[in-house]
Amino acid sequence: MDTIDKSSSIANEEEKRRFYQQCICQIMDKYAAYRLANTGKIETQLTKDHEQGHYYFLRVGWDGLRYVHAFLMHMDLKKDNKIWVQLDWTEEGVANELVDLGVPKNDIVLGFEAPYRRPYTGFAIE
């Protein structure tokens, strides 16, 4: 996927939604490109459901005698064009990466944070 131009203006909600979809996919593709050492037969699976607004990143398969089925990332793009980060096992944090790509913090909700804690995160509450 091409790098996103942060300087482009977003004229309407439809363009905003497409821009957010591109940002989410760019982050997922970046992590999917990482190869893990000694992973046996573990594959990376990405689900990018633009119509319903669901985005999943998981690894599944066998590592020797151990079965792996691990979600590493889950984001939802809601109808109001807010990105809900539901699960994030990355070091940097996908919310921070979204901000770096030009998504305003008030359009990102940390869904994995309890509602009473969200006002203190610096991101949207809901």
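So for region 116-126 (the condition being acidic (D, E), free of Cβ contacts under 8 Å to residues at least 60 places away in the same chain and out of contact with any Ser or Thr (no Cβ under 7 Å at 6 or more places or on another chain)), does at least one residue qualify? Looking through region 116-126, at least one residue is acidic (D, E), free of Cβ contacts under 8 Å to residues at least 60 places away in the same chain and out of contact with any Ser or Thr (no Cβ under 7 Å at 6 or more places or on another chain).
Number of residues in region 109-123 that are surrounded by fewer than 18 Cβ atoms within 10 Å (Cβ to Cβ) and part of a strand (DSSP E or B): the value is 0.
Of everything in region 29-59 that is in a loop (DSSP other than H, G, I, E, B) and at pLDDT 90 or above, the residue that is surrounded by the most Cβ atoms within 10 Å (Cβ to Cβ) is G53.
Residues in region 60-108 that are modelled with pLDDT under 95, in a strand (DSSP E or B) and charged (D, E, K, R): D63, R66.
Of all residues in region 95-105, one or more are surrounded by 14 or more Cβ atoms within 10 Å (Cβ to Cβ) and of a type in the set (D, E).
The values are calculated or read from the model by the stated rules, or taken from the named source; none is laboratory data. Small disclaimer: the values here were computed from a predicted structure and weren't measured. Glycine gets a Cβ as well: all are built from the backbone with ideal geometry, and neighbour counts include every protein chain shown.
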